[in-house]
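These notes are about the structure you will find just below.
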Amino acid sequence: MSSPEEDEKGSLARRYTPADLGVLTRDELSRFAPGGDGDPRVDVTLAWELLYRLEPDLYDRLVSAERLHPGVLEWLPRDAGRIVEVGAGAGRLTLELVGRGREVVAIEPARPLRQILVRKLAGTGQGDRARVIPGFFDALPVASGVADLVVACSAFTPAAGHGGEAGLAEMERVCRPGGCVAIVWPNHLGWLAAHGYAYVCFDGPMSAEFASPAEAVALARIFYPHAVAEVRRRGRRRVPYDVLGINPPCDLAFKRVPR
Ligand SMILES: C[S@@+](CC[C@H](N)C(=O)[O-])C[C@H]1O[C@@H](n2cnc3c(N)ncnc32)[C@H](O)[C@@H]1O
């Protein structure tokens, strides 16, 4: 059994070094390490960006355990014309959206995650209803007013590199008048409220559902090092979010774009 110090050593915050920044493209560096001197041991947001590119399957194992609340999926429209999702990742939400619109445009900057997403979409047999393309919040490669729903899940933040004022304006530009912009599993609720976003939260206890008790411990060592001892003590594959110390994926903020 590993000590708390060893658990901490295996954590995301200790996983990469500035030498790994070479994996980022120039466009990515300009957003995620604008000073050119980022350190993923200090800036955990940068560590996440490196994870998506260096160990995308590890990231996919994590999100496979962190399913969205069914209420969130119920709330999202079932019969949209075109849906644009920004920061689609490995498709946690995208796979739920395909089939709800004539077309889903999934925008994702990290190439390895796009590759996973394309593979998963092909496996659904509905891959022809989705387009997976590169892009960033602040420069969406989509015409104005074309989407009934523009959505981001666990991707948008007020920070410029991960959305910010420019990113929100872009999401609203792409949305048609009368359509909806939705930020699923939002942080910074006050910031979104100040930008005219209403909030919906769905009830009920929620747990992350890892593939096995051993997988729960292995992933907690990396992503929830402060919770490893408790995850190990419980010995269960289901781990309540309050044990992990994060808010569960049970909410969203949304705005209807005025007609
Ligand atoms: C925590 S992941 C969430 C992925 C997916 N939406 C999900 O729920 O599983 C954050 C995602 O946002 C993407 N991302 C980060 N910065 C971005 C930006 N500036 N523009 C668009 N996407 C971005 C990342 O590449 C990553 O796929």
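Nothing in this text is a laboratory measurement; each read-out follows from the coordinates by a stated rule. All values reported here derive from a predicted model rather than from experimental measurement. All Cβ positions, glycine included, derive from the backbone under ideal geometry; neighbour counts span all protein chains shown.
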Which residues qualify? For GLY145, with a placed amide H closer than 5 Å and at least 5 residues away or on another chain, they are VAL174, CYS175
Length-normalised contact order of the stretch 1-101, Cα under 8 Å, at least 6 apart, in percent, tallies to 21
1/(1 + (r/R0)^6) with r = Cβ-Cβ of ARG14 and ARG119, R0 = 25 Å, i.e. FRET efficiency to nearest 0.05, evaluates to 0.25
Under the helix-only model (-39500 (n - 2.57) for each DSSP H run of 4 or more, divided by the residues of the chain), the mean residue ellipticity at 222 nm, to 500 deg cm²/dmol, is -10000 deg cm²/dmol
Computed for the stretch 55-144: size of charge dipole around the Cα centre, +1 on C-beta of each Lys and Arg, -1 on C-beta of each Asp and Glu, debye to nearest 20, value 240
Given a Förster distance of 22 Å, the FRET efficiency implied by the Cβ-Cβ spacing of GLU74 and GLN126, rounded to the nearest 0.05, works out to 0.65
Here the gain from full extension of CYS201 to ARG234, 0.36 nm per residue of separation minus their alpha-carbon distance, amounts to 9.1 nm
Measuring from its Cα centre, the stretch 106-259 shows a charge dipole (+1 at each Lys and Arg Cβ, -1 at each Asp and Glu Cβ) which, in debye to the nearest 20, is 480
With the dipole of the chain defined by +1 on each Lys or Arg Cβ and -1 on each Asp or Glu Cβ, the option from VAL239, VAL104, GLY91 whose Cα lies farthest towards the positive pole is VAL104
